[in-house]
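**Student:** Here's a structure for you.
The values are calculated or read from the model by the stated rules, or taken from the named source; none is laboratory data. This is a predicted model, so every value here is computed, not measured. Cβ atoms come from the backbone with ideal geometry, glycine included; neighbour counts cover every protein chain shown. All accessible areas refer to the heavy atoms of the entire protein, side chains included, with ligands and DNA or RNA removed. Shrake-Rupley method; radii C 1.70, N 1.55, O 1.52, S 1.80 Å.
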Amino acid sequence: MKQIISVFLITFLFFSTLNAKDLDKHAIINEMIKSYGGEESLLQLLNYKQTWKIEFMSSDDSGFDNREVVMPNYLRTEIIYPHKTEIRIINKDSAQKIFSGKTTQIKGPMINAVKLQLMRLYTPLVLKNKIKNLNITQNSKQYILELEKNNMKVEYIVSKKTLLIEKTIGRLQMGPRQLEFLTKYDDYKPVKGVMIPHKETKFVGSLNTAVMTLDKNSF
């Protein structure tokens, strides 16, 4: 009987130790950095430009998304629709919208929507610098890294198998309402040594709004 109890305790302690190790956010972030190609390769994603082809799910239309990112504070997105173009820029705490040649300042709660868009693009290297503000949970197949700031929250859902980000869920509190923005990342390929998703599928709530494929990338 004593032997059975001893074996049980050893097994329990082993799996408890393993589970604690699995939930060590420093270790997980470091393993993610390796999976993305290493720190030197990931440095390229601190400053980059991309062009995405967009298929809008609400219509038969298609367009382009020209994205310029300088981590962790700057994002410029230019959405080119068939008959119009919209530009949004976030630079730290300042945001602008350019539509039909007219520039307007984005203020109030709407500025957080643009900030949230940038937060969802954070790489493991950026998350490492914000590790004090990260909480972590897990399920059988994924780690969930949660980053919260003001009324904004982003969950980075990480595959335990690949240690790549499978999807992000951004949550934004707008008065009594909470908005949820989900992006799925697929078709990871190495570009100059760093793993980059070549497909993004976007949702607002449960509504699939767009499917995007990477056309061009430059660091």
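**Student:** Scan the range 37-94 residue by residue and report those that are without any contact (Cβ under 8 Å) to a residue 60 or more places away in the chain, assigned to a strand (DSSP E or B) and polar (S, T, N, Q).
**Tutor:** The answer is Ser62, Asn66, Thr77, Thr85, Asn91, Ser94.
**Student:** Can I ask one more? Answer with yes or no whether Lys128 is out of contact with any Pro (no Cβ under 9 Å at 6 or more places or on another chain), within 15 Å of His26 (Cα to Cα) and surrounded by 17 or more Cβ atoms within 10 Å (Cβ to Cβ).
**Tutor:** Judged against the criteria, Lys128 is a match.
**Student:** Against the condition more than 28 Å from Ser159 (Cβ to Cβ) and open to solvent by 70 Å² or more (accessible area, probe 1.4 Å), how does Met110 come out, does it pass?
**Tutor:** Yes; evaluated as a whole, the condition is true for this residue.
**Student:** Further question on the same structure: Could you pull out the residue among Leu182, Leu145 that is touching a Leu at 6+ places or on another chain (Cβ under 6 Å), under 21 Å from Leu127 (Cβ atoms), open to solvent by less than 60 Å² (accessible area, probe 1.4 Å) and hydrophobic (A, V, I, L, M, F, W, C)?
**Tutor:** When all the criteria are applied, what remains is Leu145.
**Student:** A further question on this structure: Is it fair to say Gln50 is exposed (fewer than 12 other Cβ atoms within 10 Å of the Cβ) and out of contact with any His (no Cβ under 6 Å at 6 or more places or on another chain)?
**Tutor:** On the way: exposed (fewer than 12 other Cβ atoms within 10 Å of the Cβ): no; out of contact with any His (no Cβ under 6 Å at 6 or more places or on another chain): yes.
Judged against the criteria, Gln50 is not a match.
**Student:** Oh, and also: Do you know which residues across the range 200-210 are farther than 14 Å from Ile79 by Cβ and either among the hydroxyl-bearing types (Ser, Thr, Tyr) or assigned to a strand (DSSP E or B) (or both)?
**Tutor:** Initially, the range 200-210 is screened for residues farther than 14 Å from Ile79 by Cβ, giving 201, 203-208.
Within the range 200-210, Thr201, Phe203, Val204, Ser206, Leu207, Asn208 meet the criteria.
**Student:** Looking at the range 79-90, is at least one residue charged (D, E, K, R), over 28 Å from Ser159 (Cβ atoms), in contact with a strand residue (DSSP E or B) (Cβ under 6 Å, 6 or more places away or on another chain) and modelled with pLDDT of 95 or more?
**Tutor:** Yes, there is a match, as at least one residue in the range 79-90 is charged (D, E, K, R), over 28 Å from Ser159 (Cβ atoms), in contact with a strand residue (DSSP E or B) (Cβ under 6 Å, 6 or more places away or on another chain) and modelled with pLDDT of 95 or more.
**Student:** Let me ask something else. Inside the range 131-142, can you point out the residues that are more than 14 Å from the chain's Cα centre (by Cα), surrounded by 15 or more Cβ atoms within 10 Å (Cβ to Cβ) and not polar (S, T, N, Q)? If you could, list the steps in order and put the result at the bottom.
**Tutor:** Residues of the range 131-142 more than 14 Å from the chain's Cα centre (by Cα): 131-133, 135-142.
Going one step further and asking which of them are surrounded by 15 or more Cβ atoms within 10 Å (Cβ to Cβ), we end up with 136, 138, 142.
The one that is more than 14 Å from the chain's Cα centre (by Cα), surrounded by 15 or more Cβ atoms within 10 Å (Cβ to Cβ) and not polar (S, T, N, Q): Ile136.
**Student:** Oh, and also: Which is touching a Phe, Trp or Tyr at 6+ places or on another chain (Cβ under 9 Å), among the basic types (Lys, Arg), in contact (Cβ under 8 Å) with a residue 12 or more places away in the chain and surrounded by 15 or more Cβ atoms within 10 Å (Cβ to Cβ), of Lys216, Lys202, Lys153? Working first, answer last.
**Tutor:** Working: Lys216 fails: surrounded by 15 or more Cβ atoms within 10 Å (Cβ to Cβ); Lys153 fails: touching a Phe, Trp or Tyr at 6+ places or on another chain (Cβ under 9 Å).
Going through Lys216, Lys202, Lys153 in turn, the sole match is Lys202.
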